[in-house]
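Engineer: Have a look at this one before I ask anything.
The values are calculated or read from the model by the stated rules, or taken from the named source; none is laboratory data. Because the structure is a prediction, the values reported are computed rather than measured. All Cβ positions, even for glycine, are placed from backbone atoms using ideal geometry, and neighbour counts span all protein chains on display. SASA here: full protein model, heavy atoms, side chains in, ligands and nucleic acids out. Shrake-Rupley method; radii C 1.70, N 1.55, O 1.52, S 1.80 Å.
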Amino acid sequence: MKMLIGLTGRTGSGKSSAAKIFESLGAFVADCDKIAHEVLRDEKVRQKLCALFSSDILDKSGEIDRKALGSIVFSDKKKLAQLNGVVHGAIVKKCVELCENSGKDICLMDGSELESSGADKLCRHIIVITADEETRLERIMARDNIDRESALRRIMSQTDYSKEAIIIDNSESEEVLSEKIGSLYNQFLGEINE
C-alpha cells in the first residue's frame, strides 16, 4: 500500500456507492462497517457490550442484535461513545491490516467514524461524501426499511467530519459521482508517481 485514504460521510450520503466506484477503478476498500460485524462476533467484545447495555442486545442465538443495539445507542450520545470505545480500536487495526496485505497502491478505509476513532490520523487524505438531508433520509429509509423518525435519529447521532478534507457532493446522479471520483483517483495516482 502506497497511499491510505479515509472515506467518510454521514449515513445516507452515498459513501458505499463512492467506495464501489473507487474499487472498480482499482483501489482496495476496507469497509469498517463489515469489519464491525466481525468484531461484534468476538466473545470478549460481546461480553463487554452486554455488561454495558444488558443481554437485551443479544438475539436468540446469542449474537449481537445490531438493530436492538442501534435502538439504544443512536438515541443516546453517551451510550454511542461507550459502544465506540469498545469496538473502534479493533476495527481500525483490522482495516489497516487488510490494506497492508491487499497489494494495492491505493487503499481506502471506508467508515463513518474515522475522526472519533482516530483512524483519520493514519490517512494521507480524507474524502467526505455529502448529500442534502432529504436525499439522505430517503436513502436511509429505503436501505434500512425504517420510518422517517428512526432515519432522522440515525442522522442526528453522527457528527460531521471537522478537519480539512476533500468534499464530494453526492446529491446528484451516480454518473456525476463517478466522474468526480474518477478525477480524484487519477489525482491520487499522480501523487503516488511523483
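Engineer: Restricting to the stretch 1-30, count the residues that are part of a strand (DSSP E or B) and either surrounded by fewer than 20 Cβ atoms within 10 Å (Cβ to Cβ) or modelled with pLDDT of 95 or more (or both).
Structural biologist: Count: 8.
Engineer: While we're looking at this one, here's another question. Of the residues that make up the stretch 124-138, is at least one open to solvent by less than 50 Å² (accessible area, probe 1.4 Å) and either farther than 20 Å from Ser13 by Cα or free of Cβ contacts under 8 Å to residues at least 40 places away in the same chain (or both)?
Structural biologist: Within the stretch 124-138 (the criterion being open to solvent by less than 50 Å² (accessible area, probe 1.4 Å) and either farther than 20 Å from Ser13 by Cα or free of Cβ contacts under 8 Å to residues at least 40 places away in the same chain (or both)), the answer is no, since none of the residues qualifies.
Engineer: Still on this structure, I have one more. So which residues in the stretch 151-182 are acidic (Asp, Glu) and surrounded by 15 or more Cβ atoms within 10 Å (Cβ to Cβ)?
Structural biologist: Asp169
Engineer: Here is a further query. Considering only the stretch 47-74, state which residues are open to solvent by 80 Å² or more (accessible area, probe 1.4 Å) and in contact (Cβ under 8 Å) with a residue 12 or more places away in the chain.
Structural biologist: Lys48, Asp56, Arg66
Engineer: Take Lys44 and tell me if it is open to solvent by 70 Å² or more (accessible area, probe 1.4 Å), more than 20 Å from Asp120 (Cα to Cα) and either in contact with a Cys (Cβ under 6 Å, 6 or more places away or on another chain) or not hydroxyl-bearing (Ser, Thr, Tyr) (or both).
Structural biologist: The answer is yes for Lys44.
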